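S.K.: So that we are looking at the same thing, I have put the structure below in C-alpha cells.
The values are calculated or read from the model by the stated rules, or taken from the named source; none is laboratory data. None of the values given here were measured: they were computed from a predicted structure. Here Cβ is always computed from backbone atoms with ideal geometry, including for glycine, and neighbour counts include all displayed protein chains. The accessibility values were calculated without ligands, DNA or RNA, using every heavy atom of the protein model including side chains. Shrake-Rupley method; radii C 1.70, N 1.55, O 1.52, S 1.80 Å.
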Amino acid sequence: MNIHTYEKLWLVAAMVLIVGFIATITYGSVGLGITMVGDQQPTIEPSEISDDERFGEPRVEHVGENEYEAYVVAQTFAFSPDPIEVPANSEVTFYVTARDVIHSFSVAGTNINTMVIPGEIAEMTVEFDEPGEYGIVCNEYCGSGHHDMEGMLHVVPEDEFDMTELSVDADDELELGDEAAFNVSVENRMLDDLETTATLEIGDEMLEEELTVAGGDLEETTFTVDTTDLGEGEHDWTVAIDNYEESGTLTVVEELETDDENEDDDGDNGSDGDDDENDDGETDGGEDDE
Amino acid sequence: MAKPTEVRTMSEAGSTYIDAFPAEAKVVRAAFYSSFLALAIGGLFGVVQTLHRTDVYRFMDSADYYTVLTAHGVLLAITFTIFFLVGVFTWAITTSLDRGVEDIRFTWAWYGLMVLGTALVAIPIFAGFTDSIDMSASVLFTFYAPLQAHPLFYLGLVLFVVGTWLAGVDWFRSWLAWKAENPDERIPLPTFMVLTTTLMWYIATLGVAIAILAFLLPWSLGLIDSVNPLLTRTLFWFFGHPVVYFWLMPAYMMWYIMLPKVSGGKLFSDPLARVVFVLFLILSVPTGIHHQYLDPGIAEGFKFIAMTNTMFLLLPSLLTAFTVVASMEHGARQRGGEGYFGWLKALPWRDPVFTGMALAGLMFAAAGFSGMINAGMNINYLVHNTFWVVGHFHLTVGTAVALTFMAVTYWFLPQVTGRALWNRSVALVQVVLWFVGMTFMSNAMHRAGLLGVPRRTAEPQYDGFEFEAAVGSVGELNAQIALGGILLTLSLALFFANVVGTAFNGKSDSLPANGYAETLSGSEDAPLVLDNLKLWTAIAVVLVIFAYTFPILSIVDRGGLFGPDVNPFPVSLDTLPVLGLVLEQYVTTALATAGELTGSIVTEVTP
Amino acid sequence: MTQSTESDQSDQIREIGHDEYDPVGTLALIGLYFLILVLLWFFMYFVEFLGNEPTVTGLLLSVVGLA
C-alpha cells in the first residue's frame, strides 16, 4: 500500500491531535481535579424518596467548616428546594435525584450540569468562591411543561449567610388585662453556635433578649406584654432576629364575645400553656449554657 | 506516469442508470421520493421550531412544540436519511457490481416494510396534535423511558429497522452472487463501503432492538411494570451514536466516489478509503457512552474508555478530509489550477452537484471541531444538552449529510427518472442558500449553547434569570437562528421545486452516463486483508463487548433489569447466560403480542 | 443540465497521473485546518470551559488557580 508522503504527514498530525485532546482532558481530571458524575452513590427507589433521610426533605445541610450538602429533588416541573441557598467561600456537594422521569440539573452559565435519572443519585462537589445568583434549568425534555422547569441558586456573601429559622406563636385576640405571650423559637441549622438578639416591637414597647443557639439546635423564648399597657385596639407587632422578621397583629378587646370563640380561645390558650412550659424549660437550658 | 485505472464497465457503455437497471431504478426512485416527503414535512417543522423557540412567531401551544420536535427528529434523522441512503446503496451495489438485484420482489418487500414502519411511527406522533385521538408519542427522537409512547411508535421503529436489515441482506446477496462469479476480484470500492456500513449497522441496531423488544414495547403494552431508565438509555446510545455514521457513511461515499468525478479528477487513494470504512466499522459502536458523560450510575472509568474510542474515531474522518480534498485538487489541477490556493478557483463552482458537496464538506470540517469538543469528557459539563449540541448536529446530519444528499440528488434524479434536471441555476442557488442559512443558524446555536441555553425547550426564556452573553446578546442570537431557519426553508422550497419540476420534465436522450470516479491509486494497491470483512466484524464485536459488558452489567446490578423497584438482579460474570434467557423470554412474549396490537389503543404518554 | 458532469470533464486541459501529482494545495489547506483546530481547542478548553466556573471538582484538589 503506497501512501503519499503528505498523507503520512497528516496521519501523524492527526494522531498528535487525538493524543493531545486526550491529554488535555486527562490534565483536567488529574491535574485540576475535575471529576465526572459517576456511580459513587447507591441507587434509590423513586417511590421511596419521600421517606428518604436525605431526600424526604430536600434542603441544604451544613456538614463541616465551609462544607455543605444540598439534597435536591427534580420532578415535573420543579426543583426543590427552590431557591437553593449556600454561602460564598464554601464547598457544596449536590446530591440530585428524580422522582418521575429523566431531568437535568444544570446551573446556567457554570459547569454545574448533570443528568438526573430516576433511581440514580448524581453527586457533584463544587466550590463557590464568589457570591452570585444563578438560574437552574432542566435541559432534558421531561414532558409538556419542560420549559417551565426552573430554579434558582443563591450564593450569598459569607457574612450574610445563616441557616436560622424563626417562628413565632402569638395570640390574635385578647381581653384587656390578659398577658400577651409571644413564643419565639429560633432554629440554628449551622454547625456553629449562633449568638443573636431577639427583639419584639409592639406599640411603643421594645423588648430584647440575648440568645445563644447551639449548632444544630433549637432555642425558644417568650416575650410577655401586659395588654393593659397596650390598651384597647389593634397593635402591630414584629419579632426580629438578625435578618429575619415575623409580624402580626394583636387585637385587644374589652371583652371576648361569643361562646364559640371563647372555646376556640380556650383551646388555643391551653396549647399555648403547654408551649410556655416547654419554652421555659428550654430557655433555662439556654441560660445555663451562658 | 499515469497508472492505468480500471475502466468502469457499465451494462451498456454510456447509458444512464434507468437504462441499465430499469427495475432497480424504480425502487431507488421510490426510496428517494419517500425520503423527500420526510424532508418536506420535517423541514417545515424545523422552521416552526426556530420561530417558536426564539419567540419570533408563536402560533401553537408550547406543549405541542414537543410533538413538532418529535416529528422533526424522527422524520429527518431516521426517515429522510435512511430512505435516501438505502436508495444510494442499492444504486452503488448494482452499479459497481454491474448486476441487478437478485430478486426485485425482495427489494420491494424491504422497501415496503420500511414504509409500513414509518407509517406506524407517524400515526401516534401526529395523533399527539389532537386530543380527539387517545394516542401520542411526544417522546422525542431519543424516547427515553420513563417517558412512554404508544406501542405503535415502538412497533413501527422495529419494523423500519427490520426493513433496513433486509435491505442489508439484499446487498450481501448481490455481493455473494457476484463473488461466486468473480472469485479473484477485489470488492469494488462502492460495494465495499456499502458492506462495511451495513455490518456496522447490524451491530449498532442490536442495542435499540433489545431496548425496544425486551423493555419498551412490553412495558408500553403493560406486560411489565417498570423499566430501568438508565439501562434503556444506555441501550439507546449503543445505537444512537453509530446511527450517525449510518447517515454519514453514504455522504462519505459520495465524497469519495462522486466528488472527485464532478471535480474533474480521480479518487486520490482507494486503499485509504477502504481503511477509513474499516475504521468506522470497528470503532463506531463502542463509543455511545460519550453521550452519557453526565449520567449518574456510570463509573468515570467507563466514560474515559468511551472517550478514548471516540477520539480515535476522529482518525478516519481526518483521513477522509485529506483524501477528499486531494481528489478535488487533482481535478482542479487537471483543469489548469495552479498554486497553493489558486487551484481552488479552477474547481467547477457553477455545478450544483460539486458546490453542494464541497460546501457540505467545508461545513463538516467545522462540525468536526464541535464534535471534538463533544467527545471530550470533562468539557462536557460546559456543553452537555445545551444548544451547542443542536448546532453541532445541524452541521453534521443537517449539512454534511443533508446538503450532500440534496446535491447528489441533482445528479441522481436524471439517472433514476431519465429526465433532465429542471433547473440547474435554481439548484446552485439552493445549495448556496442552505450553506448560508446553516451558517447563521448553527453558529448562533453553538454560541447560545456556551451561555447555557438548553436544547429541546419550547421557551428557553425563564422567569428568575436571563442568559448572559459576553459578546452580542441573546436577542441577536435568536435573530440569527430565526433568519437561518427561514433561509433554510427557502432553500428547501427551491429543492422541491427542482424535484417536482424534474419529475414533470420530458424524457431526455442526452443524459450523462451512470458511473463514478476512477482512482489514482487503485484497489490493486490495497492489502488483501482490508477486504476480509469477517475479520473486521469480529474485531468490531470484540471491541463492543469490551466497551459495553461491564457498564451494562454494572447498570443492571445497580438498578435491576426492570428498574429500581425490582430487587437487584444478582449479576456476576456467569449470569450473562441468565440475562440472555430473560431477554429471550421477553422477546418471545413481545413478538407473540405484536399480533394483537392493532386494536390495542391502551397507553398514552405517562410521564 | 444534461451535461452537468460531462461539461466539467471536458474542461480538463491535462492528464495528471499518480506519480506526478503532489497535493500541495491539500497539504496547505489541511495544515491551516490543523492550526485552527489546535487554537480553537485551547480556546474552548482553557478559556470557555475553565473560565466558566464554578466547575465540578472532587476532593482531591480543592483550590485550583485557572488560566
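S.K.: On the accessible surface of the stretch A:1-89, probed at 1.4 Å, how many percent belong to carbon and sulfur atoms?
M.R.: Within the stretch A:1-89, the accessible surface is 50 percent carbon and sulfur.
S.K.: Suppose the chain between A:Glu210 and A:Asp129 were pulled fully straight at 0.36 nm per residue; how much longer would it get relative to their current alpha carbon spacing?
M.R.: Numbers: separation 81, 0.36 × 81 = 29.16 nm, distance 3.23 nm.
Contour length minus Cα-Cα distance gives 25.9 nm.
S.K.: Moving on to the next point. Can you give the mean number of other chain Cβ atoms that lie within 10 Å of the Cβ atoms in peptide A:145-157?
M.R.: 4
S.K.: Taking the stretch B:467-517 as the region of interest, what is the percent of Cα-Cα pairs per 5 angstrom bin, listed from the shortest bin to the one with the maximum distance?
M.R.: All Cα pairs, binned at 5 Å, distribute as 4, 15, 11, 12, 12, 10, 9, 7, 6, 6, 5, 2, 0 percent.
S.K.: Still on this model: Top mean-square fluctuation among A:Val101, A:Val137, A:Val30, Gaussian network model of chain A, C-alpha springs under 10 Å?
M.R.: Of the options given, A:Val30 has the highest mean-square fluctuation.
S.K.: Given contacts defined as C-alpha pairs under 8 Å and at least six residues apart, what's the relative contact order of chain A, whole-number percent?
M.R.: Working: 574 pairs, mean separation 36.1, N = 290.
So the answer I get is 12 percent.
S.K.: To continue, here is another question. Given all pairs of different Cα atoms, what value in angstroms does the Kirkwood hydrodynamic radius of the protein assembly as shown take?
M.R.: Final number for the Kirkwood radius of the protein assembly as shown is 31.1 Å.
S.K.: Express as a percent, rounded to the nearest 5, the fraction of DSSP beta bridges in chain A (both residues included) that run antiparallel.
M.R.: Values: 67 of 82 bridges.
Bridges in chain A that DSSP calls antiparallel: roughly 80 percent.
S.K.: Distance between the C-alpha centers of the stretch B:388-436 and the stretch B:476-503? Whole Å please.
M.R.: Centre-to-centre (Cα) distance: 11 Å.
S.K.: Ranked highest first by the average count of other Cβ atoms within 10 Å around their residues, in what order do B:549-557, B:222-230 fall?
M.R.: B:222-230, B:549-557
S.K.: Among the lysines in chain B, how many pairs, 8 or more places apart or on different chains, have alpha carbons under 24 Å apart? The partial results should precede the final answer.
M.R.: Working: B:Lys3/B:Lys261; B:Lys3/B:Lys266; B:Lys26/B:Lys507; B:Lys179/B:Lys534; B:Lys261/B:Lys345; B:Lys266/B:Lys345.
Taking the Cα cut-off of 24 Å, the pair count is 6.
S.K.: How far, in degrees from 0 to 90, does helix A:5-26 lean away from the longest principal axis of the Cα atoms of chain A, to the nearest 10?
M.R.: 20
S.K.: Short version: ³J(HN,Hα) in whole Hz for each residue of the stretch A:39-51, in order, from phi by Karplus 6.51 cos²θ - 1.76 cosθ + 1.60 (θ = phi - 60°), x for Gly and Pro, what are they?
M.R.: Whole-Hz 3J(HN,Hα) from phi for the stretch A:39-51: 10, 5, 8, x, 7, 9, 7, x, 6, 10, 4, 4, 9.
S.K.: Could I ask something else about it? Considering only A:Thr222, A:Thr199, A:Thr43, give the residue with the highest GNM mean-square fluctuation for chain A, with springs between Cα atoms whenever their separation is below 10 Å.
M.R.: In the Gaussian network model the winner is A:Thr43.
S.K.: In degrees from 0 to 90, rounded to the nearest 10, what is the angle of the helix B:229-240 Cα long axis to the longest principal axis of chain B?
M.R.: Roughly 0 degrees, rounded to the nearest 10.
S.K.: If you count, for each residue, the other Cβ atoms within 10 Å and average over each peptide, how do B:402-413, B:497-508, B:513-524 line up from highest to lowest?
M.R.: Descending packing order for the listed peptides: B:402-413, B:513-524, B:497-508.
S.K.: Compute the relative contact order of chain B as a whole-number percentage, counting only Cα pairs closer than 8 Å that sit 6 or more residues apart in sequence.
M.R.: 21
S.K.: Please average, across the residues of A:129-137, the number of beta carbons from any other chain that are within 10 Å of each residue's own beta carbon, and give a whole number.
M.R.: 4
S.K.: So if I take the centroid of the Cα atoms in the stretch A:1-78 and the same for the stretch C:9-40, what is the distance between those two points in Å?
M.R.: If we compute the Cα centre of each part, the gap is 40 Å.
S.K.: Mind giving me the nanometre distance, one decimal, between the label points for B:Met60 and B:Arg173, set 7 Å out from Cα along Cα→Cβ?
M.R.: 4.0
S.K.: Of the residues A:His103, A:His154, A:His235, which exhibits the maximal mean-square fluctuation in a Gaussian network model of chain A defined by a 10 Å Cα contact cut-off?
M.R.: Top of the fluctuation ranking is A:His235.
S.K.: Provide the three semi-axes, in whole Å and in decreasing order, of the ellipsoid equivalent to the stretch A:49-160 as defined by the square roots of 5 times the Cα gyration tensor eigenvalues. Before the final figure, lay out each step's value.
M.R.: On the way: eigenvalues 102, 50, 24 Å².
Those come to 23, 16, 11 Å.
S.K.: Then there's this: If you take each beta carbon of peptide B:296-308 and count the beta carbons of other chains within 10 angstrom, what is the mean?
M.R.: That average works out to 6.
S.K.: Distance from a point 7 Å along Cα→Cβ of B:Ser510 to each backbone N in the stretch B:378-420: keep the residues under 13 Å and list them by number.
M.R.: B:420
S.K.: Compute the distance from the alpha-carbon center of the stretch B:227-292 to that of the stretch B:40-83, in whole Å.
M.R.: With the stretch B:227-292 and the stretch B:40-83 each reduced to a Cα centre, they are spaced 25 Å.
S.K.: Roughly how much accessible area, to the nearest 100 Å², goes out of reach of solvent when C and A pair up, both sides summed, probe 1.4 Å?
M.R.: 2700
S.K.: Calculate how steeply helix A:259-289 sits against the longest principal axis of the alpha-carbon atoms of chain A, using the helix alpha-carbon long axis, and give the answer as 0 to 90 degrees to the nearest 10.
M.R.: Long axis of A:259-289 versus the principal axis of chain A: about 70 degrees.
S.K.: Return, for the Cα atoms of chain B, the radius of gyration and Dmax in Å, separated by a comma.
M.R.: Radius of gyration, then largest Cα-Cα span, for chain B: 23.8, 73 Å.
S.K.: Here is a further query. Applying 1/(1 + (r/R0)^6) with R0 = 56 Å to the Cβ-Cβ distance of C:Val47 and A:Glu179, what FRET efficiency is obtained, to the nearest 0.05? Walk me through the numbers before you get to the answer.
M.R.: On the way: r = 67 Å, r/R0 = 1.19.
The calculated FRET efficiency here is 0.25.
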